[in-house]
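What follows is a single structure, written as structure tokens, with notes after it.
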Amino acid sequence: MDLPNSVYENAHILIVDDDERGSLLLKRMLESEGHFEIHIANDPRAAVATFQQLRPDIMLLDLVMPHLDGFELMEQLRLVIPEEDFFPILVLTGDVSPETRLRALKVGAKDFLSKPLDAAEMVARIRNLLATRFLHQELQSYNLFLEKRVRERTGQLEETLGSLRTTQAQVVKRERLGALGVMASGIAHDFNNSLAAILGYGELLLEHPERTDYVKKLMTAGQDARHTVRRLREFYQSDTDAEPFAAVNLNILAEQAVSLTMPRWSSQALASGTRILVKTDLGVIPLIAGNPAELRELLVNLIFNSVDALPNGGEICIQTRAEGEVALLCVTDNGCGMDDATAEKCMEPFFTTKGENGTGLGLSVVHGIVTRHGGRVDILSGLGTGTTFSLRFPATSAVLSLEKPPLTPDLERSLRILLVEDQPIICELIAELLRTDGHAVDTAGSGGGALEKYRQNEYDLVITDLAMPGMSGEQLANVIKQLTPAKPVILLTGFETMVGKGSACTPSIDMVVAKPASLEELRRAIFTVLTSGRAEPCEVLEPVA
């Protein structure tokens, strides 16, 4: 290995030898053979300092020297030479025994020359070692250049990926908003049906007050309306709530998803002249660990995908089975189906066969949810024969409690309660519910009016609405706690985002109760705050399903 002579010109050589005459002779030999810059250190104790000052390209080192021999000097040099650097040390010695060579190699020597020295051989070995050093330095520079370029490209890629993630998040949001819009019209349809029943049976009850069966039907219609609102909440919660996994029964979620999507596959399909039938074949399956809201969203997307595959109507079947310690969920339709190439790509982000009507994220979301739950998706499809999505989830040993809470015990005494609600009909209803339990209830339609009554009377408990003009329920609770810190305050709210997350909880509020609240839920809230004191953190009481 040799490089052009110009490469070796002005290479710095440091000679470390205690023999001054021998060092000068060696210097003259090298100067006659090449254009080297020669430096001499006759005292080995100063060699390290000379090395750090000159930073030579190669060292010629004698082994036998007083005060500090060549072995000891190389040990010291190892402390100041970076590990990634290639610094050649050419040992000059009259001792050519294998033991001496091996010892020198272990402490940093790169080559040997036996004394007496041959000038031509010495120059040849020096040039070889210098060539290796210069190539190593060039490689280091190139590596540094590549690392810099990699960092630059990585930064550019991170910026690009960040932009893509932002774009994908926006498209996913549009996808969910689109699905929400589709369901909103159907939910409005279901809600109007409930309202029609409530208003209709209400009118009949006015005409025939003795008909108690009308009251039961009114209660059923009201429960259906409440369930419709909760179904909507269950859908949008999946986008904002990062809930921990719980034991989940896929059969229950399948029934909920069928109910949730009914306006799309039933009412809207009939309105467009097609008939779609959804069947369920739910077997005995093990519980799985999962996020119910995400799994509901998964099922909604699969059902919507099947509906899209049935432009002329058809049948969708949701089936569950146990496969050992695995829960199997299949969604099958007898629609248009897919060829192998489409089935292979259908779960890739942004892949769609619906043109401008699709975003290509519905099935991608499904795949992501299944993966997060440790599951697997298999697709069986054929053109004209329909499609089956088979989802397999590992079972969990956790126990799912389906028991409703026990009835609330009666209080030992009746209470005097201040009820604050700006909607007169709601205020009157809640007051009557509380009075049926023997409580004395004063009402106020605003926060300001409530404060006037609170200052003039003694109350055991304050129940207030959250959203009111002027002073909100939270602001009212703050003032009440300043006046009487131990006074329990229950907050009623119809804002679903505040229920289940505790976002309405403050130091001034002892419990949050979701509207519409039943008599039993009011009893449970009152019993809790009066017998347990303030819950830490503020407890949220959701409607019983």
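The values are calculated or read from the model by the stated rules, or taken from the named source; none is laboratory data. Please read all numbers here as calculations on a predicted model, not as lab measurements. Here the Cβ is made from the backbone with ideal geometry for all residues, glycine too, and neighbour counts use every protein chain on show. Keep in mind that these areas ignore ligands, DNA and RNA; they rest on the heavy atoms of the full protein, side chains included. Shrake-Rupley method; radii C 1.70, N 1.55, O 1.52, S 1.80 Å.
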Quick check on packing: order 14-24, 48-58 by the mean number of other C-beta atoms within 10 Å, highest mean leading. 14-24, 48-58
Cβ charges +1 (Lys, Arg) and -1 (Asp, Glu), total dipole of region 42-132, debye: 80 debye
Which order do peptides 72-79, 118-125 fall in by mean Cβ count within 10 Å, highest first? 72-79, 118-125
Using the 2.2 N^0.38 Å rule of thumb for compact globular proteins, work out how region 299-351 stacks up: its C-alpha Rg over that value, please. 1.30
Might you work out the accessible area of E294 for me, using a 1.4 Å probe with all protein chains in place, and round it to the nearest 10 Å²? 40 Å²
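Just reorder H208, H67, H136 by solvent-accessible area, largest first, 1.4 Å probe, all chains present.
These residues rank, largest area first, as H67, H208, H136.
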For region 60-146, the Cα gyration tensor yields equivalent-ellipsoid semi-axes (√(5λ), largest first, whole Å) of 25, 17, 10
Might you tell me the accessible area per residue for region 18-93, computed with a 1.4 Å probe and given in Å²? 53 Å²
Report in % the part of the accessible area of region 68-117 that belongs to carbon and sulfur, leaving out ligands and nucleic acids; probe 1.4 Å. 53 percent
List the pair-distance distribution P(r) of region 6-65, using every Cα-Cα distance, as the percent of pairs falling in each 5 Å bin from 0 up to the bin containing the longest distance, rounded to whole percents. 4, 19, 30, 25, 16, 5, 1
The answer for region 277-328, accessible area per residue at 1.4 Å probe in Å², is 36 Å²
Net charge, E37 excluded, C-beta distance under 12 Å - Lys, Arg +1, Asp, Glu -1: -1
If we count every other residue with Cβ under 14 angstrom of G70's Cβ, Lys/Arg +1 and Asp/Glu -1, where does the sum land? -3
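DSSP loop trypsin sites (Lys or Arg not before Pro) in region 275-350 with at most 15 other Cβ atoms within 10 Å of their Cβ, which ones?
R275
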